[in-house]
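The numbers here are math on the coordinates, done by the rules we state, and not lab data. Predicted model only: the values in this text are computed from it and were never measured. Counting neighbours? That spans all protein chains shown, and the Cβs are built from the backbone with ideal geometry, glycine included.
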Amino acid sequence: MIEVDARGVVEFTRALVRIPSTNDPARGRSEQPAADLVAAKMREWGWEPSVYEAAPGRPNVVAVVEGGGGDGPTLMFEGHTDVVTEGDLSEWTVDPFGGEIRDGKLWGRGSADMKSGLAATLYATRALQLAGPFPGRIKVCALADEEGLMLGAHHFVAEGLTAGVDGAIVAEPEAGEICAVAKGALRLRVDLTGKMAHGAMPQHGRNPVEAVGALLTALRALQAELQERHPAHEHLGEVYVTPTVVRAGTEEQVNVIPATASVFVDVRTVPGVSHDDVAARVAALAAVSRDGVAADVSVLVDRPPVDVPVSTPVVAALAAAHRDVTGAEPVYGGVPGSTDGTVLTHWGGVPSVVYGPGGKWIAHQADEYVEVDEIVRCTRVFAEAARRFLTGTLS
Ligand SMILES: [Zn+2]
């Protein structure tokens, strides 16, 4: 078993948690200081990180650690430096940015999602490096804006940095489950344009509010049809078509038929569902809504589902490493949302798997925590997974 610096990885996680790296320029916050801390740690170890601005003040930090043991594949470790807001402080019983350790748990925003995972990727790579030469190389990446538009991951792919990468481990909190599948997310905006008229003379207008009603009913039927055609996935569950925002008219103008209305739709898909097809179906449903109301559909977010076979080397290496370190059989699961892994796999062409310390459902909640033992265990799993992947010892 590869020796890891257990105290170091926990202390580094605490140092990261103490940085409030939400994307909140109004409060003077960004990923920058967390990215700086990651880069400083890499330099301390003699690595030479490159820093790329995914957006102004929002850096991606990337270090390539050569094994010095001859030709071999390239493994990518991925983590994100941003965290979601701490929200209402009165909901917390600990300082969200205190990095406190109590009852065997490390508390704070980002402790699970995913500063412990990020720290584990660094310390696992360092541990493997100190254990001696290995074939190939490890690309250790701390990206910005996972919680927003995934600008960091998109920038990473656009810069060509996925070239030559053979597999990626994404260190999101998944409670020790090996997640090689992730749900897709498609967010649509439907704009309906009718004709404004006096409420007393609706016959002179074309009412987009009634078209909204027809569209909502049609979306419900579309969901039922998609669920019928694509049965619930064993790790991801059902396809959902959920209207989340409706905008039309004003309370001050109850006697006016508005000219426009908008419906926003959040679609969650499983492997096998084509996002282009769903968008086209929604456009068709909106178009036939009623009474000469014109419809226009725009795609706000398009993150396809991820479906990496468990026999893929990066997944197999991780599963074997999990068995080595924990003595337990790996449990396979699915990611309910999307992660940077979605971007790496779909647009970067890199098979990715999500695995990391922390509970699945604790992310984004008040009193977020991670078990200290889990951070260390995960660091060991990452180190073993890297060794197995790079040496081709997959079972
Ligand atoms: Zn995350």
Task: Neighbour-count ranking [beta-carbon atoms within 10 angstrom, fewest first] of THR345, THR74, THR326 - done: THR326, THR74, THR345
TODO: Might you report the magnitude of the Cβ-based charge dipole of region 184-303 about its Cα centre, with Lys and Arg at +1 and Asp and Glu at -1, to the nearest 20 debye?
DONE: 160
Open item on the list: If you average the C-alpha positions of region 253-316 and of region 106-126 separately, how far apart do those two centres end up, in angstrom?
Closed with: 34
Task: Kyte-Doolittle at least 0.5, axis length at least 20 Å by Cα - qualifying DSSP helices, the chain - done: 116-130
- [ ] Please give the length that would be gained between ASP191 and THR93 if that part of the chain were fully extended, namely 0.36 nm times their separation in residues minus their C-alpha to C-alpha distance (nm, one decimal).
- [x] 30.9 nm
Open item on the list: Sequence gap at least 6, Cα distance under 8 Å: using those rules, report the relative contact order of region 217-283 to the nearest whole percent.
Closed with: 31
Task: Kirkwood Rh (inverse of mean 1/r, distinct Cα pairs), the chain, angstrom - done: 22.4
Task: Solution diffusion estimate, µm²/s, Stokes-Einstein, region 184-303, Kirkwood Rh from C-alpha pairs, 20 °C, viscosity 1.002 mPa s - done: 143
TODO: Please work out the FRET efficiency for the pair TYR240 and LEU130, using the Cβ-Cβ distance as r and a Förster radius of 45 Å; give the result to the nearest 0.05.
DONE: 0.45
Task: Sparse-neighbour loop sites [GluC sites (Glu not before Pro); region 204-297; at most 13 other C-beta within 10 Å; DSSP] - done: GLU234
Open item on the list: Cut-off 13 Å, label point 7 angstrom out along Cα-to-Cβ of ASP373: give me the residues of region 321-353 whose amide nitrogen falls inside.
Closed with: 326-327
Open item on the list: Within 14 Å, Cβ to Cβ, of ARG27, how many net charges do the neighbouring residues add up to if Lys/Arg are +1 and Asp/Glu are -1?
Closed with: -2
Open item on the list: Can you compute the modelled spin-label distance between TRP361 and GLU66, with each label point 7 Å from Cα toward Cβ, in nm?
Closed with: 4.8
TODO: Would you grab the residues whose amide H sits under 5 Å from the one on GLU100? Only those 5+ places off in sequence or on another chain, please, with H modelled 1.01 Å from N.
DONE: TRP107
- [ ] Work out the count of Lys pairs in the chain where the Cα-Cα distance is under 28 Å, with the pair 8 or more places apart or on different chains.
- [x] 12
Open item on the list: How would VAL331, VAL353, VAL170, VAL212 line up from fewest to most surrounding beta-carbon atoms within 10 angstrom?
Closed with: VAL331, VAL212, VAL353, VAL170
TODO: Give the peptides 259-271, 154-166, 2-14 in descending order of average Cβ contacts within 10 Å, highest first.
DONE: 259-271, 2-14, 154-166
